[in-house]
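Read the structure below first, then the notes.
The values are calculated or read from the model by the stated rules, or taken from the named source; none is laboratory data. Because the structure is predicted, anything quoted here is derived from the model rather than measured. Because the Cβ atoms are built from the backbone with ideal geometry, glycine has one as well, and the counts that use them run over all protein chains shown. The protein model used for the area step is the full one, side chains on, heavy atoms only, and it has no ligands, DNA or RNA in it. Shrake-Rupley method; radii C 1.70, N 1.55, O 1.52, S 1.80 Å.
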Amino acid sequence: MRLRKAARLLCGLMVAVAATGLAVSAEAQEKKLKIGVIYDLTGPLAGGGSELQYIGAKIMLDQYAKTGVEGYKIEAIYADAQSKPDIAINEAVRLIEQEKVDMLLGFFSSAQCVPVAARVEQAKKFMWITTCISSAVLADKNYKYIFRPQASGDQFGMMTMDFIAQNSKEKFGKELKDLRVAIIHEDGAYGVDVSKGNEAGAKKAGFNVVLKEGYSATAPDLSALVTKLKRAKPDVVFHTGYNPDITLLLRQAREQGLKFGALVGHGAGYGVYEKLKEGMGADINYVFNTDPISIWLANQKSMDAKLPPVIKMVGEEFDKVKPGVAIRSAHVGMAASNTYVFMTEVLPRAIKKYGGVDPDALRKAALEVDLPEGGTMLGFGVKFYGEGQPMAGQNERSFPVVIQYVDDKSYVVWPKSQAQREAVLPLPKGTTYSNQ
């Protein structure tokens, strides 16, 4: 009798232990990071680069969904901002409050980024910005939970002015004070921010700014702006826009006979070669674009050795989604690289050192990232400005480059440390917009 009692007791104990083990196992298996991912999959911004950013981020997130990170399952929940700031805000709130995501990732448009970042910070959630560049997202905000490995808009504007300044005498045969420049931009957070960098760079160089004007990216007619440009007779036009406003402007410029020596764009619509070619045809030849470097143009010899195989993988996966594309847009690699930095540098440290994926663990881990130049697929390093600094949350080691489109290829032409070839300046005689 005692023996049977003991056996039953032992059996019950074993069942309890097994059940506890199953509970622990289930708990371990349920460790998960839910990431809310927001890009524009419809509306004008989708074709202007946002869909390509989405593809780049998704390629990377899909890889980690297969493997997990430090025992955590990765689950991405995607949302479409529809090219509208109010939709972006609503989707961010929905993902946080209803989907219970642990963090947000993505964001193409600066007009969306500025209000969304404020709302996410208020909710004390972690936000990892892969794309939008406006300085206004972070400047003097002292956010704790918003981080951007991407270069900022003022860097874009300053970079292009420096590029032209260094080439003014040799290529245009003009002293800096005699070079006539026009600064035009869409009037949202993105365009305004880049134009401020342009203006500061022009002042530093001593250029003759003959026109500075903003316009609505949704304007149905830009012929009045083209007329002003014709009167101003710029040697160089610096333009910040999306798409289709770039196409509209350049089509009307062609129709009205606008002439200049160079067209220098700043990311967004200028970073999507297929769309530019579709709208401009052969006139896309010799146009410049400023962006973080395409991961397929970056100098892999100066890169961390583990990165080239990842670049190869991203290219192969992109070709499956968009076969036959002449130039893989920098937008794809930008999102893939910035997502990869989070998955390999921030997340593992948050889990191992700070015990999980709550916003404070992710924040502390992000502030400890310290990658030298060559530490990312985009060529630059990563170190974030900390609390109390004017650009808290911004990567202080990021930088853009200037590329030029020539015969269905893109080449880095500035800065010299990254340049693959000399820039063709000014526009060759006989091309549509050439003032030669």
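By how many degrees, between 0 and 90 and to the nearest 10, does the Cα long axis of helix 307-321 differ from the longest principal axis of the chain? Here the helix axis deviates by roughly 80 degrees. Accessible surface of LYS259, taken over heavy atoms with a 1.4 Å probe and every protein chain present, rounds to 90 Å². Over the C-alpha atoms of the range 145-194, the Rg to Rh ratio, Rh being the Kirkwood estimate, stands at 1.12. Cross-link partners of LYS177 among lysines, defined as those whose alpha carbon lies under 18 angstrom from its own and excluding same-chain residues fewer than eight positions apart: LYS169, LYS203, LYS204, LYS212, LYS233. In the frame of its principal axes, the range 279-344 has Cα extents of 40, 26, 21 Å, reported largest first. The range 189-322: Rg/Rh from Cα coordinates, Kirkwood Rh? With Rg and the Kirkwood Rh in hand, the quotient comes to 1.04. Have a look at SER83, MET60, MET103 and report the one farthest towards the positive end of the charge dipole of the range 56-109, computed about the Cα centre with Cβ charges (Lys/Arg +1, Asp/Glu -1). Towards the positive end, the residue furthest out is MET60.
Eigen-decomposition of the gyration tensor built on the alpha-carbon atoms of the chain gives equivalent ellipsoid semi-axes of 47, 20, 20 angstrom, largest listed first. Whole-Hz Karplus values for the range 201-217 come out as x, 5, 5, 4, 6, x, 5, 8, 7, 8, 7, 9, 8, x, 8, 6, 5 Hz, taken residue by residue from phi with 6.51 cos²θ - 1.76 cosθ + 1.60 and θ = phi - 60°; glycine and proline positions read x. Close amide H partners of GLY356, meaning residues 5 or more places away or on another chain with modelled amide H under 5 Å apart, are ILE351.
Residues in the range 235-246 carry Karplus couplings, in order, of 6, 9, 9, 9, 10, 10, x, 9, 8, x, 5, 4 Hz; the curve used is 6.51 cos²θ - 1.76 cosθ + 1.60 with θ = phi - 60°, and Gly or Pro positions show x. Remark on VAL209: its backbone amide H falls under 5 Å from those of VAL181, a criterion applied only to residues 5 or more positions apart or on other chains, H modelled at 1.01 Å from N.
Residue order by solvent-accessible surface for TRP296, TRP414, TRP128 is TRP296, TRP414, TRP128, largest first, with ligands and nucleic acids left out and a 1.4 Å probe.
Evaluated at q = 0.11, 0.15, 0.19 Å⁻¹, the base-10 log of the normalised Debye intensity for the range 341-436, with identical point scatterers placed on the Cα atoms, takes the values -0.52, -0.73, -0.92. Picking from LYS125, LYS277, LYS322, which is most flexible by a Gaussian network model of the chain using Cα springs under 10 Å? Comparing LYS125, LYS277, LYS322 in a Gaussian network model of the chain, the most mobile one is LYS322. Remark: accessible surface ordering of ASP304, ASP102 (largest first) is ASP304, ASP102, probe radius 1.4 Å.
Taking a straight line from the alpha carbon of LYS141, these aspartates and glutamates sit under 14 Å away, with near neighbours fewer than eight places off in the same chain left out: GLU121, GLU387. Relative to the longest principal axis of the Cα atoms of the chain, the long axis of helix 51-67 makes an angle of roughly 20 degrees. Helix 85-97 and the longest principal axis of the Cα set of the chain meet at an angle near 10°. From the Kirkwood radius over Cα pairs of the range 273-387, Stokes-Einstein at 10 °C and 1.306 mPa s returns a whole-number translational diffusion coefficient of 99 µm²/s. Residue-wise HN-Hα couplings along the range 69-81, as the Karplus relation 6.51 cos²θ - 1.76 cosθ + 1.60 with θ = phi - 60° gives them from phi, are 9, 6, x, 9, 6, 9, 10, 9, 10, 9, 9, 9, 6 Hz; Gly and Pro carry x. Solvent-accessible surface of the chain, taken per residue with a 1.4 Å probe and all protein chains present: 42 Å².
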